[in-house]
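To start, the structure itself, in structure tokens.
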Amino acid sequence: MSGLRTVEEQLEAVLAQVRALPAEVRPLAEATGFTLAAAARALNPVPAFDNSAMDGFAVRFADVATASVTSPVTLRVIADVPAGSGADPRLEPGTAARIMTGAPVPTDADTVVPFEDTAGGLADSLETAVVMQAPRAEGAHVRAAGFDAAAGATVLEPGVLLGARQLSALASVGLAAVEVARRPRVAVVSTGSELVAPGEPLSRGRIPESNGILLAGLAVEAGAEILFREVVDDEGNGPAEAAARAAALGADAVIFSGGVSAGAYEAVRQSLGDAMDFVKVAMQPGKPQGFGVTAEGMLLFGLPGNPVSAAVSFEAFVRPALLRMQGRTGIHRPIRTFPAGAAWRTPPGRRQYLPAVIDADGRVQPATRGGSGSHLSVGLGAATAYAIVPAETDEVSIGDSVLVMEL
Ligand code: AMP
Ligand code: MG
């Protein structure tokens, strides 16, 4: 099938219009799901100071280097250093300080002997320490200051998605706030005179509207904030009016679904024909695509209305654009190869995106018996991945290597 754009060509056309979002400073606790906009550097080293890795005694290694069960070394305990203590007791040769995990190792000590390696352990630990085993080396059980990160070191690079692990790393280096890209502001507009709100009774010809919740949810998962979500019917100028409202609210993108193909009532096409390009992309589902950008830089996505088409089109074009806006490193989901656990036919000349699951044997399977029908919205609920089959391939046989985008 010639005359169709490739997915890559369409994505390139989209990404060419993406502008970087401005940065903002947010407290760590309000930065989950944001993308780091500038390198984050350590204010304090980690560990912040030499501290004990064990409960035991801070000692001078030379004092205990020869200790053994047959020839134990007795040290006089002259101080107690719990975690949080700012004390730095002087240790003469032959003395030790009791020390707890995380407490600062006295300057005069270089090694920690855990309670386990002493005769008395915790009992009597404020009088003497009878060391029954020599530490393996000087510095044993001491966590050295700056071992994980030196002060000033780059902890995370710009473009990183901030989740719990990243934010805790930033907290540990003494940061209270971070510079992030602000969230993309997105409006989601579903088109179709057949659509009723989910849960409303269905009269003949009408169906529940499901793309709104789908596309808004996917956008939120990609870091966006939803300005509004609405449904417009196929008559009139609803899409253009919605776009104008989105622009007035400062939207970065509007995601339309439905009304972009070649039927008689194609609301997006008719209403926004001047603002968007409508093209055919060599993919299945998702062949008809609309895309445009306003003078202010607001992106207009016109995705086809079938639920699987809308979901796949979002993955192919919208998600990469939303991530690029945020400056995210790696705007594509990882693709891995799995053996096919079933055989299926694929459309000639178009790249197939098939809702799929990975079975217990590590093989990729269509998510439903129904296969690749783009209207199979329930199968979407089962899918944890898309199997991606190249345009040149017409069928997949059991055992074939299949590219899989895990969601
Ligand atoms: P369209 O792209 O407008 O021709 O729609 C293609 C198919 O998707 C039709 O069967 C529509 O009823 C269905 N559809 C369109 N929009 C939605 C939506 N928001 N929710 C559920 N189904 C939809
Ligand atoms: Mg329609």
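Computed values, structure above
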{"read-out": "Spin-label pair E230/E12, simplified geometry with 7 Å Cα→Cβ offset, distance in nm", "value": "3.7"}
{"read-out": "Inter-site label distance for E127 and I213 at 7 Å from Cα along Cβ, in nm", "value": "7.1"}
{"read-out": "F256, F61 arranged by Cβ crowding within 10 Å, fewest neighbours leading", "value": "F61, F256"}
{"read-out": "Cα centroid of the stretch 204-244 to Cα centroid of the stretch 292-307, whole Å", "value": "12"}
{"read-out": "Förster-model FRET efficiency, 25 Å R0, A119 and A164, C-beta, rounded to 0.05", "value": "0.05"}
{"read-out": "Cleavage-rule hits, GluC sites (Glu not before Pro), the stretch 247-355, DSSP coil, Cβ neighbours within 10 Å at most 15", "value": "E296"}
{"read-out": "Extension gain (nm, one decimal) between A248 and T107, 0.36 nm per residue minus Cα-Cα", "value": "44.5 nm"}
{"read-out": "Inter-site label distance for E194 and D148 at 7 Å from Cα along Cβ, in nm", "value": "5.6"}
{"read-out": "C-alpha long axis of helix 211-221 to longest principal axis of the chain, angle in °", "value": "30"}
{"read-out": "Values of log10 I(q)/I(0), in the order q = 0.09, 0.12 Å⁻¹, for the chain under a Debye, Cα-only, solvent-free model", "value": "-0.69, -0.92"}
{"read-out": "Mean Cβ neighbour count within 10 Å, used as a protection proxy, ranking 107-119, 196-208 highest first", "value": "107-119, 196-208"}
{"read-out": "Estimated vicinal HN-Hα couplings, Hz - the stretch 375-384 in sequence order (Karplus 6.51, -1.76, 1.60; Gly, Pro = x)", "value": "8, 7, 5, 6, x, 4, x, 8, 6, 10"}
{"read-out": "Per-residue ³J(HN,Hα) for the stretch 109-120, Karplus 6.51 cos²θ - 1.76 cosθ + 1.60, θ = phi - 60°, Hz, x for Gly and Pro", "value": "9, 9, 8, 10, 9, x, 3, 4, 9, 10, 6, x"}
{"read-out": "Cβ-based exposure ranking for L300, L75, L227, in which fewest neighbours within 10 Å come first", "value": "L227, L75, L300"}
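Throughout, read-outs are computed from the coordinates displayed, never taken from laboratory work. Every value quoted in this text rests on a predicted model; they were computed, and no experiment measured them. Note that we place each Cβ from the backbone using ideal geometry, even for glycine, and neighbour counts take in every protein chain shown.
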